[in-house]
Structures are given as structure tokens and as C-alpha cells.
């Protein structure tokens, strides 16, 4: 049995590794060692996530997929959640989430088959519920955002996301100093798209 930890954040500007220490502590308390880490910056509402599917491909029957919260694994719509569950079931991967205490038993072996099956059934039901709640939260936030933008546009106030001028000036200086894009990303936490936009702006101004 291998424990495979999955870390996800929605955008490149967010820290996907934020929960690493929590997952380590959880495993250590139970005498487990995390065999591999899978980290990516992708939307949980999207099924096509390279690192998640690399984890699935690497897994053997009985392995544990460890996540901080169910919404790190899924903000999927119902159809895509069913597809992901089918993958997990066919590969016999057990999902353990820190925010789902009933799943913690999946991280230990039990000799009582009846108890094990009962906990699997209860855990599956609660996993479905939390996945549905995560999707609803995602849909609600998008709807509120769209409503706010529509109102702001109607009132002539919508200008999109404000630019981080101080950060972008720093990126411009680093580009001018011929620093690599990778080092700029590490230093500022920005996306490559942001660097490309500023590089294009500098080129146009030259």
C-alpha cells in the first residue's frame, strides 16, 4: 500500500504546496510514509488534470490518494465526478481527505471485512456529498462574480482586475537585467503569461 499525496491550487499565482506539512503530519501520526507527491495548478472544475491522472496511472490496487480537502480533488460537475469515481473504483484507489474523518479508516488496515465495507459505503456517500457541495460553492462564486461584473459594467465601473503595478515594474526590471523567466516566476510568483505580457510591452516601447 502506497500513500500518494495530491496537492492542487486553481491558478499559478496560488501556492499548491500550502497543505504539504498538514498531509505529512497526518501520515506520520498513522505510521505512514508518503511515497509520492503530485502537485499542480489547475482548476478543480476541470477533469483533465495531468498530475491527477499521472497519480492514477502510477497507483496500484489498495493505494491511498491523500488530499487536504475533497474540493482539492473535485469541483467537478456530476458527469465528470462520476467519471473520476469510476477511475478510482476500477483502480481500487482509496481516497483519504483530512476534512472527511470517515475516510481516515481507509488509511489503516482492518481485519473485519464487514466493518471495512460499512465504512467504505459511508465514506463513499459522504465523499459524494462533499464533492456536490464543492461544485455548488464553485457555481455560486462564479454566478456572484458574473452578477457583480454585470452590475459594474452597467454602472460604468467595471475595469477588470487591477494591475499590480509595483510587481510588474519589478518584473520589467528583471527582464531588462536578462534574468531567466523561471527565476522571475520563482521570485514574484507570477505566471508565464504575465511575464510574456510585460516582455511584449517592453519590446513595443523599445
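Counting only helical runs of four or more DSSP H residues, what would the 222 nm mean residue ellipticity of the chain come to if each run contributes -39,500 (n - 2.57) and the total is spread over all its residues?
Value at 222 nm, helices only: -17500 deg cm²/dmol.
Quote the FRET efficiency, to the nearest 0.05, computed for residue 203 versus residue 12 with a Förster distance R0 of 22 Å and r equal to the Cβ-Cβ distance.
Working: r = 22 Å, r/R0 = 1.02.
The formula returns an efficiency of 0.45 here.
So if we plug the beta-carbon distance of residue 30 and residue 86 into 1/(1 + (r/R0)^6) with R0 = 41 Å, what FRET efficiency do we get, rounded to 0.05?
Efficiency at R0 = 41 Å is approximately 0.90.
Which whole-number percent gives the relative contact order of the range 96-206, counting Cα pairs below 8 Å spaced six or more residues apart? List each step's numbers first, then the result.
On the way: 37 pairs, mean separation 15.3, N = 111.
It rounds to 14 percent for the range 96-206.
Would you order 105, 129 from fewest to most other beta-carbon atoms within 10 Å of each residue's own beta-carbon? Write out the running numbers ahead of the final one.
Numbers: 105 18, 129 12.
In order of increasing Cβ crowding within 10 Å: 129, 105.
What's the extension gain from residue 142 to residue 165 if we count 0.36 nm per residue and subtract their Cα-Cα distance?
5.7 nm
Which shape class, rounded, prolate or oblate, goes with the range 1-104 when its Cα gyration tensor gives a ≥ b ≥ c as root eigenvalues, a/c under 1.5 marks rounded, and past that a/b bigger than b/c marks prolate?
oblate
Most exposed first by the Cβ proxy, i.e. fewest other Cβ within 10 Å, how do 53, 26 rank?
Least to most surrounded, the residues fall as 53, 26.
For the chain, count all C-alpha to C-alpha pairs, find those more than 32 Å apart, and express that count as a whole percent of the total.
34
Taking 0.36 nm per intervening residue step and subtracting the Cα-Cα distance, what contour gain separates residue 118 from residue 157 on full extension?
Using 0.36 nm per residue and subtracting the Cα-Cα distance, I get 8.6 nm.
For residue 22 and residue 133, what does the FRET efficiency come to when R0 = 22 Å and r is the distance between their Cβ atoms, rounded to the nearest 0.05?
With R0 = 22 Å, the Cβ-Cβ based efficiency is 0.60.
When only Cα pairs under 8 Å and 6 or more residues apart are kept, what is the percent relative contact order across the chain?
With pairs under 8 Å counted, the relative contact order is 19 percent.
How far, in nm, would the chain grow between residue 172 and residue 108 when pulled straight, counting 0.36 nm per residue and subtracting the alpha carbon separation?
Gain in length upon complete extension: 17.9 nm.
Throughout, read-outs are computed from the coordinates displayed, never taken from laboratory work. Predicted model only: the values in this text are computed from it and were never measured. FYI the Cβ positions are ideal-geometry reconstructions off the backbone, even for glycines, and counts take in every protein chain you see.
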